[in-house]
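**Q** If you scroll down you'll find the structure; I have some questions about it.
The values are calculated or read from the model by the stated rules, or taken from the named source; none is laboratory data. Predicted model only: the values in this text are computed from it and were never measured.
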Amino acid sequence: MFWRLKSKVILLIILETIDFIVKSIFIVGVCKIGGYVLNYLYSILIYMYFLGGMWKNNSNFI
């Protein structure tokens, strides 16, 4: 009886550890992908801002 309980506890600890590792990897992956997406969006916004500013300045001279 004690051995079965002990093996279940060990199995539970192993499964919880694997679950924690998988969740950690998933969270880190999502954060990295989200960081790349945000970086891309910010670069597009900055590019459009400067392009719009240049377009306004050039249209004043025409």
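**Q** Looking at region 52-59, is at least one residue basic (Lys, Arg) and modelled with pLDDT under 85?
**A** yes
**Q** Applying the selection to region 4-42, what residues are modelled with pLDDT under 85 and of a type in the set (Gly, Ala, Ser)?
**A** Within region 4-42, Gly29, Gly34, Gly35 meet the criteria.
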